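The values are calculated or read from the model by the stated rules, or taken from the named source; none is laboratory data. These figures come from a predicted structure and were not determined experimentally. Here the Cβ positions follow ideal geometry from the backbone for every residue, glycine too, while neighbour counts run over all protein chains shown.
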Amino acid sequence: MDGDGSPMVGRTSERARISSALRAARDGRGALLLVTGEPGIGKSMLATTVAADARDAGADVVWGRCRETPGAPAFQPWTEIVRYLGRGAPAADLGPLLAGRAATVDRFALFEAVTELLVRRGRPLLVLLEDLHRADEASLLLLDHLLPVLDDAPVVVLGTCRDGGTEWPPGLDPVAGRSTVGVLRLGGLSAPEARELAGRLAAGTADPDALRARCGGNPYFMSELLRGPTDGDLPVTVAAALAARVGRLPPRTRAALEAAAVLGREFVASDVAGLLAVARIAVAQIDNAQIDGARIDHAERASDVAGSAAAEAAAALSAAGVERALAPAVADRLLTTTGRGHAFAHVLVRDVLHAACPADRRTVLHHGAAGMTDLPVSERAEHAGRVQRTAAERERAARLAVEAATEAAGRLAFEEEHTWLGRALEHTAPGDRFGLLLASGAAAGRAGRGDAARTAHDQAWLLAGDRPGRRPAAVALGLGEVVDSAGIVDAGLVRMLERALDLLPPAERATRVALLARLAVEIYWGPRLPEARAVARDAVAAARRLGDARTLTGALAAQQFVLRGPADRAERVRTGRELVRHAAGLGDVPAEVSARRLLVADAFADSPEALETELGALEALAEQTRRPLARWYAMVFRTALTCLRDPAGDALEAIARTETFGRRIGARPAGMYATVQRFAVLRGTGRVAEAEPALRAAITAYPRLATLRCGLTLLLAGTGREREATASLEALTDDDCAAVPRDALWLSSMVQLAEAAAALGHREAAATLSAALRPHRGEVVLQGLVAWLGAVDHHLGLLAGVLGRDAEAGALLAAGARTHREWSASALPVRRAPAARAVTLTRRERQVLDLVTTGSPNKQIARLLGISVHTVERHLVNGYAKLGARNRAEATAQVLRGR
């Protein structure tokens, strides 16, 4: 049944498809279905009907409506759903929806809590989301977050959305574009269906076929034309039909409906009564008021605004009086009753009434609604934004927009927060916009709107001017919090930071430390790396003199970050441990997560036991604080361990899971991390060519990360493109590898180049790389936070083989093999130089000798190949003879040199 009590006509196939989805949900296979079409086509009627079908079939049903009300609060549909499903046992993470405040909950935790509430059920659930074209962006992001888990959940989500033609409404496109989303586009009724509808509503009063042709088969349009005046021809349009029906109502009913239309599609009688009273007061207050330079007489204004004696009388109605005044509209099916109050039967009814209300009267009604403190602040802000005749009204519009932004931030609706702050800026004089611009930039950063964040800070920078003071520092530090500087140098931000330091008063010591710390981090990925480390040390020293724990925490975080590289590990670890203590004492979870992730990376260079200790601490922090970023970093490290220990097994699946989670929480480097981990796995499986497109894309996105170009060099060498590989290798190793900065990725760059030099047999590059790597004998290489690349000894052994140092190569490779066994690592691939002369080895002899180069003893080789030790020894004797080698060390060197 629809809102006016008429049964639904048609839509048999759509009902069948939804019923099929509900049957699948009983087996744990959920779905998202979107019902779309023009206004009046029957989307809500279909939703109401299938809800009844679902209940009859034993499913639970819950509704979430995107309110067609100006300025409706963020997350409105999900708030309704959570309040219904979470009754009795509200989860702590649902606080932003249940109480409207975030507390310590982050948005991912909120989304996960809602997802958990929906999918952990014993019975199938139908979730109805109405009018998604009116949904706020945060609500659509939550729907997008839910979508991946529906495949394994007993939940069907059915959304209705007004058809926007060939494109989806903004914000809904990422959801609707998923291949797993079913779309049901409703068209007009067929000729038999139109005749059935006309027969039910007004049999014999109109030609159903002509009516269907005029309305395009739209059932609501047909119904409204049939319900219009019966003393002549049918009205030309639906708007005309509605206007005619409204015109037949008593004057006080029409006045009450106009006030209700200003409030939105849904309303309660007490709000209408309050608005009428406030509007009447507003008329009295503008007696002899100065509006835009013109004096307006009270009597004239009262006449324009009130419109009639009936409107004046309606202004004095109580809530009960409003109920009585609205009764004729309910009887005429222009209004429906709801559990809370009333709703216009269709949004078109509300739109017609709102448009028909005289402009002056509408303005005063919006002015009155802006002053109704019982309304949500976002609705008041929407009304205030429509009334800006005076400076005071513009100031009120700006103030309420800021309050609406604050309320949205409390709900973790950062997109709405940014939008409201944008409106506040529109209402604010240029000279007063500085603080709002900073707030807008921060909100844009939280919403992931990077360009908007930078634009707001750039505008604030212009307002700050090139004058001494704190404002330039506030802008530079604010921008530093929202930009993504991973692997790049943001030249604009660096200039801001340096100029802000010049303009900062000497007394602002804590701010100076913060600027130095941010500057050190921003110049790390570039030619000013040595300066970055010096600046960070200066910041820490200044913070210690200041004696403020929070200031020192920021400086220590910068120092731990910029100390990353082939040296300074002991100092880096000490800094990290001190940072953990201060961050834990201050309750600064982001700082503690940052410190612990770098401590885990350093533990990879220590021992498996040290790694488990540090990684366990990070995982405990993630569990305790429910911070998704901490959980993701822990997943990255666990995936790195999987890649080194079982690259042929679950590694690629683990990488995919980690990448998916990283993207879901908005971790910006998730894609790049996955690219590096996949390359590390694929290069040892003979499938390295599959990694090339993503690796080249990462190089484009992060041009300063030389380690990516080193990986590409290795890929080229491994896929037979010797000329390209050689040119790249020589460019990267020229002038003692000057093109590779000694940052956190230097060591991983060197070992990748070492493998490439071994594969190409490039003696000059091998000599350069051997000299660079020799001081790091005994160390283990982790590429950033992402991929374990093995022992330095192993790579030095490869280089020694290229240089003809056979005994040294054997000893180094054996040392590397011992390290790999300590880490339970899979054998690393051995890159061989092009053969100098042909040697005919059998397939089994080649397999045995390959394993010899990894340092594997005969018993292990036998176990790995599934043969006896005696057979291994026989293959070794034959292989030695063919190679001209006298022992294992010489055989290893010969194999590595490709002889």
Of the residues in the stretch 56-75 that are more than 21 Å from F344 (Cα to Cα) and of a type outside the set (A, V, I, L, M), the one that is surrounded by the most Cβ atoms within 10 Å (Cβ to Cβ) is F75
Screening V681, V636 for residues that are in contact with a helix residue (DSSP H, G or I) (Cβ under 7 Å, 6 or more places away or on another chain), buried (at least 23 other Cβ atoms within 10 Å of the Cβ) and closer than 21 Å to T819 by Cα leaves only V681
Could you say whether any residue in the stretch 583-601 is among the charged types (D, E, K, R) and more than 28 Å from the chain's Cα centre (by Cα)? no
In the set T639, T625, T658, the lone residue that is at pLDDT below 90 and under 23 Å from the mean Cα position of the chain (by Cα) is T625
Inset, instruction - For the stretch 667-688, indicate whether the set of residues that are farther than 30 Å from R449 by Cα, in contact with a Lys or Arg (Cβ under 9 Å, 6 or more places away or on another chain) and of a type in the set (V, I, T) is non-empty. - result: yes
TODO: Please tell me if T700 is modelled with pLDDT of 90 or more, in contact with a Leu (Cβ under 8 Å, 6 or more places away or on another chain) and not aromatic (F, W, Y).
DONE: no
- If we scan the stretch 583-591, do we find a residue that is modelled with pLDDT under 95 and within 25 Å of L641 (Cβ to Cβ)? yes
Reported set for the stretch 39-66 where residues are basic (K, R) and without any contact (Cβ under 8 Å) to a residue 12 or more places away in the chain is R55
Residue set R657, R581, R597; condition without any contact (Cβ under 8 Å) to a residue 12 or more places away in the chain and either touching a Pro at 6+ places or on another chain (Cβ under 8 Å) or in a helix (DSSP H, G or I) (or both); output residue R581
Of the residues in the stretch 779-811, those that are more than 21 Å from S826 (Cβ to Cβ) and surrounded by fewer than 21 Cβ atoms within 10 Å (Cβ to Cβ) come to L803, G804, R805, D806, A807, E808, A811
Taking the stretch 489-535 and keeping residues outside any helix (DSSP H, G or I) and closer than 21 Å to A442 by Cβ leaves D490, L504, E508
Regarding A717, is this residue over 29 Å from I523 (Cα atoms) and hydrophobic (A, V, I, L, M, F, W, C)? yes
Of A392, A405, the only residue that is without any contact (Cβ under 8 Å) to a residue 40 or more places away in the chain, part of a helix (DSSP H, G or I) and surrounded by fewer than 23 Cβ atoms within 10 Å (Cβ to Cβ) is A392
G217 meets each of (1) in the same structural domain as A74 (by TED's automatic domain parsing); (2) surrounded by 18 or more Cβ atoms within 10 Å (Cβ to Cβ); (3) assigned to a loop (DSSP other than H, G, I, E, B) with one exception, condition (1)
Can you confirm whether D736 is touching a Gly at 6+ places or on another chain (Cβ under 6 Å) and without any contact (Cβ under 8 Å) to a residue 40 or more places away in the chain? no
The condition of being in a helix (DSSP H, G or I), at pLDDT 90 or above and closer than 13 Å to V751 by Cα holds, among L812, L782, L789, L799, only for L799
- Query: Could we say that A542 is part of a helix (DSSP H, G or I) and under 22 Å from R742 (Cβ atoms) here?
  - Reply: no
Quiz item: Do we have any residue at all in the stretch 717-727 that's in the same structural domain as A691 (by TED's automatic domain parsing), out of contact with any strand residue (DSSP E or B) (no Cβ under 9 Å at 6 or more places or on another chain), of a type in the set (A, V, I, L, M, F, W, C) and surrounded by 24 or more Cβ atoms within 10 Å (Cβ to Cβ)?
Solution: yes
Flagged in the stretch 847-863 as of a type outside the set (K, R), modelled with pLDDT of 80 or more and in a helix (DSSP H, G or I), in numbering order, are Q847, V848, L849, D850, L851, V852, N858, Q860, I861, A862
Reported set for the stretch 553-570 where residues are among the aliphatic types (A, V, I, L, M), surrounded by fewer than 22 Cβ atoms within 10 Å (Cβ to Cβ) and in a helix (DSSP H, G or I) is A570
If we keep only residues of the stretch 496-534 that are more than 18 Å from P741 (Cα to Cα) and β-branched (V, I, T), then the residue surrounded by the fewest Cβ atoms within 10 Å (Cβ to Cβ) is T511
